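Input: a single structure, listed below in structure tokens.
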Amino acid sequence: MASDNVPMAVHNWLRGSYPTLAIKDSWLAEATTKSIQAAPSPPTDPQLIRAVNAQLLHADLAKIASVAALPKDVASWKSGKLASGQRGAILLQVVGKLDIGVSAHTQLEVLEARRDARRTLGGAALLAQQAQASANAAASSSTQAAVGGLEDDKDAGDHMAQFNAQEEAASLPATVFPRSTLQLDLSDGFNTIKGFEHQRIHALSMADTGLGAKLLLKNVDVVKGLLLLTPENTTVRGGVAKELEGDAERKLIDKLRAKLGKDPLPRQRAPMSPRMDHGIMSRSASRGALEQEEGQEDLFEEEEAIMAEMQAEQAAAEAAAAAASKEASTSGPRVAATLRPGAQEGQSLSASPTSSFIRPAGSALSKRPLSTQAEAGDTSSRSTRGSKQVAVKGEPQGEDDDFVMMERNDEENPIVLSDSD
């Protein structure tokens, strides 16, 4: 049943252009609404048709088609004709590609060179230049086929043009695919069948034909389950489906490497700085690592923000830990020495019960560990570890020079007095 917001002109054009494609009403209604909202002014019927068709060419047929267009058993046909008679042309999309006339080793080298070139600043411009050169060579070859019946002087000029095109292609670097015979995996959104070029189709290429590209087939010969594609029975409508194209290059590289007995490419992961919570990675960091492992697209900016946040938190935690460690090592347990109530300066001092240092009353504060004080001169020391108390005797100062007893917080750490004490 037609949707209310889809003009009849759009329905009629789609039925006439793709007679075997049963489009889901929900998809068509959504595509029409998007096209109307994106237009600066209410679109005319031809404008709306072009906008909806553009969305169709760049979508996955699995999300568009409501029923299969290919016969279920077509891959088992020994011979026959596909899309012949009154049934009309069949719209299929490319879901896989390979040049069966070029060695796997050569195609792998080109794919890896293109991948590396794309990572450089000038890589995208280089590949675009090569695509234009390939188009020029294809146009030259097409012209050659069209003028085969002309006189000798025309033929001489055509041969020179073909020679120039070949020289131009030979001068390009190793990021250009050699061209021989393409084998394509074609799908109607439900079933898949293989087809290969029985004759060269210049609108197809390894470099420029993306996954999801639409082909309209009519009166195609089927031999042993393979479609024999020619310029006469195949019309390239173009387009590309992002959900199919996203990881296609890496998958093709892995496929070729497997043919050559090589291991697949390692999965590349962005470095993660896990946020720690009592020594355990937080759930958000684990979930972020898992999503990246699964190769989800369009999350790079969000992941970078998350990683920056986690790095900042980790840096703050490390700084706080370093500050606490420094304070513990420099300050430690100290003497909180005060004058006894009623005592005058020069008389014996008392220490708080949490202090770890003592000195004879009236003597100068020392910055050496107790063990050093005990070993110097005529001093002596005694320790009662059971009660965690230490007494140190300095040089005799008089009968009021009593030992001041204090409790140690940590017997193993060196004990040093600071000027603040």
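The values are calculated or read from the model by the stated rules, or taken from the named source; none is laboratory data. Please read all numbers here as calculations on a predicted model, not as lab measurements. Cβ atoms come from the backbone with ideal geometry, glycine included; neighbour counts cover every protein chain shown.
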What residue, of 240, 236, is at pLDDT 95 or above and either among the β-branched types (Val, Ile, Thr) or part of a helix (DSSP H, G or I) (or both)? 236
Evaluate the following for residue 93: is it part of a helix (DSSP H, G or I) and either polar (S, T, N, Q) or at pLDDT 95 or above (or both)? no
Can residue 265 be described as aliphatic (A, V, I, L, M) and either at pLDDT below 80 or farther than 28 Å from residue 59 by Cβ (or both)? yes
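For residue 41, state whether it is within 33 Å of the chain's Cα centre (by Cα) and outside the structural domain of residue 197 (by TED's automatic domain parsing).
On the way: within 33 Å of the chain's Cα centre (by Cα): no; outside the structural domain of residue 197 (by TED's automatic domain parsing): yes.
For residue 41, the condition - within 33 Å of the chain's Cα centre (by Cα) and outside the structural domain of residue 197 (by TED's automatic domain parsing) - is not met.
Test residue 63 against the criterion of being in contact (Cβ under 8 Å) with a residue 60 or more places away in the chain, touching a Ser or Thr at 6+ places or on another chain (Cβ under 8 Å) and within 18 Å of residue 213 (Cα to Cα), and give yes or no. I'd like the intermediate steps shown before the answer.
Details: in contact (Cβ under 8 Å) with a residue 60 or more places away in the chain: yes; touching a Ser or Thr at 6+ places or on another chain (Cβ under 8 Å): no; within 18 Å of residue 213 (Cα to Cα): yes.
No.
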Out of 48, 82, 70, sole residue that is under 25 Å from residue 248 (Cα atoms) and in contact (Cβ under 8 Å) with a residue 24 or more places away in the chain: 70
Only residues that are at pLDDT 60 or above and crowded, with 17+ Cβ neighbours inside 10 Å: list them for region 105-141, please. 107, 108, 110, 111, 112, 114, 117
